[in-house]
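Since the structure comes first, as structure tokens, the remarks are kept for the end.
The values are calculated or read from the model by the stated rules, or taken from the named source; none is laboratory data. Predicted model only: the values in this text are computed from it and were never measured. Cβ: placed from backbone, ideal geometry, glycine included. Neighbour counts: every protein chain shown.
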Amino acid sequence: MDFTRPAPPSGRALRSYFLISALICAAICAVILITLLGQTGPVLSHNPASLFGTVWNPNLGQYGIIPMLYGSIVVMVIAMAIALPLGVLTAIYIAETRSARLRGIIKSALEVLAGIPSIVYGLIGVAYISVWVAKGLDLQTGRLILTAGLILAVMILPTILTLTEDAISNVPVIQRENARALGLYRHEVILDVVLPHARRDILAAGLLALGRALGETMAVMLVIGSLDRLPSPIFNVLSSGQTITSKLGRELGESAFGSAHFSALVLMGLILVLITLTLTGAAQWLINRRPNGVEAIYD
Amino acid sequence: MISRAAKEHIFAAATRAALGLSVCILAFLLGAIIVRGAQAISLDFLFMPSRDFGSRGGISYQIFGSLLIVLTAGLIAAPLALGASVYRSEYIKNTAAQRLFDLALYGLNGVPSIIFGLFGLILFVNIFGTGLSWFVGAVILAIMMLPTACMATISAMRGIDTPYRENAYALGLTREQTALRIIIPQSLHGLVTGLLIGLARAIGETAPIMFIATAFSGAGVPSSLAEPVATLPTHILALAQQAADPAALQNAWGASFTLIALVAMFSLAAFFARARLLPLSQR
């Protein structure tokens, strides 16, 4: 019997294992972009002018992506318009009451919410929110751009609330004490001192939430009604619509690989990923930037 | 002109109203899932296969399929995340290169989930010709888990005190030996926690696997790597689209409740792993 320990792997083998794993991790993002880019050929050579149109009709060779782009942006704007003020005001309350117990309860509830899969939000949208919207506004269907915006607002609320609360709590106490000592009211301390100090982190939270809202697929796809047309009039959010993600979710399975139809979908996906990457990058840059000037003294 | 004192009251009322609304939304979401889910759950439901496209019967194969895909994904992601983290933390000393590596990770983290599905559909299903395969789904989910697992491991490695490395080098250990004997054992809690958080997220994902790894009905236990399986998220998707049928909706709530229970299980495991696996030196 041989009781000696197995020989440890050689240094060279270990080193190459570390290096190869690192290269794989670092390269995947680029590989995804290149793979997508490689499939956009057919539609670009087929009828590039139709891409900027408002008509999507694969049978006639028309692949206007404007309705989807519009849908994505409008849904995102509705979600942010609701979730940002709600999230920031709630975060102010939680951070400024300085009740450790309230903070703990809400924080753990938010972590539970953040863990709910998006398909379950979609189910809630189908079973409750779209029904409420249809009844409340007396419409035939509740599957509208507005409904998608509402469900997205609920989905990004935990992200905004958690990150904003962290940002507000991180503002040094001395800033508040000084402002109070100068005779400012509580709301003035918050609006004129605390929020400006935390503005960069709040902005970063907003950008991350924007990225999430744009990339969200399942919940939006179930409640938006999947209509590939611009609403008329243009700001009528009570009409069905389509976002880039819901379009991909609905049609990727039906389009033939290599066709102009498929490549038009890939092109939309590429636009989506470039926007979200820009948002993530900007948020990361804001978070990592070192404070300067007066802020640096207090941080 | 409103007085400052009045503004103070208005502002306080606004924050209170916001808190009230947020708490209502929170309570509604949790309440709906728990109440509707608890009505649908039974032992039969958990351990019976589904019938009639899922509107009758249980979800046993969906639970099996979901666990199969994510646990395989975890096994694929673990060695990659470990190796990459060691390289990032112990070998890359150049700040610009470190930033570039972190940027690639954050970028990967920011890619929308449907794009991973699209990527898998193009590269694996069509170019490599695998067809619908649960293993391809596991590979894609492994890629999605990588940033979370890497970031947690790297930050655990950053937490190792410098004297550990200095002592190792003073004893004549090479960089590889230091990594193998000191760095990896001392940062294992980060890897395990990161992987479990990644698993908790991956098991709820629908968009990345719906085109490449799953079948909506009729899928059982796969006999090879290149077969689709049924999963909980895609099952909920199929049932949500038949929401007019109360039985289908009931099963969708049951499947959602089960899915969230699995997410909570992995999250709790991550929580305890962080506490239990932390090396003595860092407690």
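Miscellaneous remarks
- Some residue of the stretch B:87-102 being part of a helix (DSSP H, G or I) and under 18 Å from the mean Cα position of the chain (by Cα): no
- Unique residue being at pLDDT 90 or above, outside any loop (DSSP other than H, G, I, E, B) and within 8 Å of chain A (Cβ to nearest Cβ) when the list is B:142, B:200, B:138, B:152: B:200
- Single residue of the stretch B:235-265 satisfying the filter (within 9 Å of chain A (Cβ to nearest Cβ) and over 16 Å from residue B:40 (Cα atoms)) that is surrounded by the most Cβ atoms within 10 Å (Cβ to Cβ): B:237
- Yes/no for residue B:35 being β-branched (Val, Ile, Thr) and at the interface with another protein chain (Cβ under 9 Å from one of its Cβ atoms): no
- Test: residue in the stretch B:93-110 that is in contact with a Gly (Cβ under 6 Å, 6 or more places away or on another chain), without any contact (Cβ under 8 Å) to a residue 12 or more places away in the chain and facing chain A (nearest Cβ under 8 Å): yes
- Subset of the stretch B:112-121 (residues that are within 7 Å of chain A (Cβ to nearest Cβ) and over 12 Å from residue A:245 (Cα atoms)): B:119, B:121
- Qualifying residue in the stretch B:167-175 (condition: over 16 Å from the mean Cα position of the chain (by Cα), within 11 Å of chain A (Cβ to nearest Cβ), surrounded by fewer than 21 Cβ atoms within 10 Å (Cβ to Cβ) and assigned to a helix (DSSP H, G or I)): yes
- Count of the stretch B:125-135 residues which are within 21 Å of residue B:67 (Cβ to Cβ) and outside any loop (DSSP other than H, G, I, E, B): 2
- Residue within the stretch A:148-157 that is more than 12 Å from chain B (Cβ to nearest Cβ), of a type outside the set (Gly, Ala, Ser) and free of Cβ contacts under 8 Å to residues at least 24 places away in the same chain present: no
- Selected residue (only one of A:43, A:88, A:75 is of a type in the set (Val, Ile, Thr), under 30 Å from residue A:144 (Cβ atoms), assigned to a helix (DSSP H, G or I) and in contact with a Phe, Trp or Tyr (Cβ under 9 Å, 6 or more places away or on another chain)): A:43
- Residue in the stretch A:154-166 that is crowded, with 23+ Cβ neighbours inside 10 Å, under 29 Å from residue B:197 (Cα atoms), among the charged types (D, E, K, R) and in contact with a helix residue (DSSP H, G or I) (Cβ under 6 Å, 6 or more places away or on another chain) present: yes
- Here is the figure for the stretch A:105-124: residues that are more than 10 Å from residue B:263 (Cβ to Cβ), at the interface with chain B (Cβ under 7 Å from one of its Cβ atoms) and modelled with pLDDT under 90 total 2.
- Residue match in the stretch B:7-18 (condition: within 11 Å of another protein chain (Cβ to nearest Cβ), among the acidic types (Asp, Glu) and surrounded by fewer than 21 Cβ atoms within 10 Å (Cβ to Cβ)): yes
- Scope the stretch B:225-234; condition out of contact with any strand residue (DSSP E or B) (no Cβ under 6 Å at 6 or more places or on another chain) and buried (at least 20 other Cβ atoms within 10 Å of the Cβ); matching residues: B:229, B:230, B:232, B:233
- Single residue of the stretch B:126-135 satisfying the filter (away from every other protein chain (no Cβ under 13 Å) and touching a Pro at 6+ places or on another chain (Cβ under 8 Å)) that is nearest to residue B:231 (Cα to Cα): B:134
- Of the residues making up the stretch A:125-147, those that are buried (at least 20 other Cβ atoms within 10 Å of the Cβ), part of a helix (DSSP H, G or I) and within 14 Å of chain B (Cβ to nearest Cβ) number 5.
- When the stretch A:7-34 is filtered for residues that are crowded, with 19+ Cβ neighbours inside 10 Å and either more than 7 Å from chain B (Cβ to nearest Cβ) or among the polar types (S, T, N, Q) (or both), only A:21 remains.
- Within the stretch A:236-251, considering residues that are of a type in the set (S, T, N, Q) and within 14 Å of chain B (Cβ to nearest Cβ), the one nearest to residue A:220 (Cα to Cα): A:246
- Some residue of the stretch B:72-90 being under 23 Å from residue A:15 (Cβ atoms), of a type in the set (Val, Ile, Thr) and within 14 Å of another protein chain (Cβ to nearest Cβ): yes
- Residue in the stretch B:208-224 that is among the polar types (S, T, N, Q), touching a strand residue (DSSP E or B) at 6+ places or on another chain (Cβ under 8 Å) and outside any helix (DSSP H, G or I) present: yes
- Only one of A:210, A:214 that is more than 10 Å from chain B (Cβ to nearest Cβ), within 30 Å of residue A:195 (Cα to Cα) and in contact with a helix residue (DSSP H, G or I) (Cβ under 7 Å, 6 or more places away or on another chain): A:210
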